[in-house]
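Worksheet: one structure, shown below.
We did not get these values from a lab; they are worked out from the coordinates using the rules stated. Note that the coordinates shown come from a computational prediction; the quantities given were computed from them, not determined experimentally. Backbone-built Cβ (ideal geometry, glycine too); neighbour counts: all protein chains shown.
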Amino acid sequence: MSDNSDTRPPGSKHYLLIGEVAQQLNIKPHVLRYWETEFEWLCPEKNLKGQRYYSQDDVELVRLIQRLLHFERLTIEGACKFLEQFRNHWKDGLAAIESGLSTAVASPDSEAQAIHRQSDELLRKVQLLERQVERKDQEIRDLKARQQVLNRELIQERQAHNELRSIVRKELLELVRTAEEDTPHRSGPALA
């Protein structure tokens with residue numbers, strides 16, 4: 001008993017399953033499903049179970065999208081703008097690319113302007129970070145200088161402490177010596 005869930009639309013030799021398209025173009029099926037969400041023109045037919053059937057026109061569109069994204073290095077937005085010019089004439093779009101039509105000419109200036117704005121924004125962020133690094137470096141230099149001053153003061157305080165201690169010790173020894181000299185020595189019982 002065979003499962004008839006893979007029934008293709010009439011004239012099925014002109015329709016491919018998502019796996020067949022993926023294999024033919026060396027693209028993962030999940031990428032094809034994602035592209036369906038990003039490119040409004042990519043709408044393969046589906047059966048009742050939701051299996052996708054790609055027409056030859058759908059396959060040409062996928063081939064064009066692949067070329068724009070992977071080889072011409074356009075963004076999805078840029079590819080959409082390019083595709084808008086060749087709506088439903090995907091072979092013309094492929095021919096335009098293959099004949100040397102620059103995608104920079106085909107894609108509107110807004111993509112180049114967006115890239116320029118992003119570049120300017122990144123440059124501003126780098127400059128801001130450089131200023132922050134310079135401020136931190138200055139703070140570190142200031143802290144090191146302050147540490148050196150404190151270390152010198154600490155050394156001076158220790159020297160002063162040691163000198164004071166030495167003076168106090170000498171004075172104590174002198175007091176003890178003086179006290180010993182003032183105290184009579186007993187060498188035995190006192191004779192009366």
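Key figures for this structure:
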quantity	calculated
Per-peptide average of other Cβ atoms within 10 Å, ordering 23-32, 133-142 highest first	23-32, 133-142
Fully extended contour minus Cα-Cα distance, from Glu163 to Asp92, at 0.36 nm per residue	15.9 nm
Approximate spin-label separation Asp182-Leu128, in nm, with each point projected 7 Å along Cα-to-Cβ	7.8 nm
Label-to-label distance, nm, for residues given as Glu20 and Lys81 (7 Å Cα→Cβ offset)	3.7 nm
